[in-house]
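What follows draws every value from the coordinates through simple rules; no lab data is involved. From a predicted model like this one, the values you see are computed outputs, not experimental measurements. Note: ideal-geometry Cβ built from the backbone for every residue, glycine included; neighbour counts use all protein chains shown.
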Amino acid sequence: MKTEYDYQKEIEIDPDALDVEWLGQPSLFMKYSEACALARKKMDRAKEHLEVTRAELDKEIRSDPEKFEVAKVTESAISSAITVHSTFRNASALFIEAKYEFDVLSRAVQAFEQRKTALENLVRLNGQGYFASPKEPRDLGMEWQKKAATGVSNQKVKRGMRRRASR
């Protein structure tokens, strides 16, 4: 499932517009914090629905075990019958989906906390004149892309070396 939020794009920092980035940071953080809270609420409701479904099926199975093809009414047999029942499986799938969305959004909130720290450090570097020299302007965006591309190719080389070593 893909979340409706485009946090991967919004997490990026434009090093040439630190003032604009700082102005938008609180709004972005709040946007994702609220989305995370809503996802938590959805997950809690899905968990409650799953528990209620389990309890209702447990009650139904105990009242009419033959209907659910339970030969002997034991805790293990009832638990197994509940687990394979389509109503329970649907409720379980909804809970898993809601938990996934919550997990993704909670990590997005953490990423925006790291974004704040990155902005603080970039401003600190700027105040120390880090970006003032050399006189030729730097394109940090391009430098970052080159570094990221190098990292990907280094990972491919390391994987190849590991494969050869394991042979």
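Summary table below
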| read-out | value |
| --- | --- |
| Of W22, A37, H49, farthest towards positive along the dipole that unit charges on Lys, Arg, Asp, Glu beta carbons give region 7-133 | H49 |
| Alpha-carbon centroids, region 73-133 and region 43-60: separation in whole Å | 23 Å |
| Subset of K42/K72; K41/K146; K31/K99; K116/K147 violating a 29 Å alpha-carbon distance limit | K42/K72; K41/K146 |
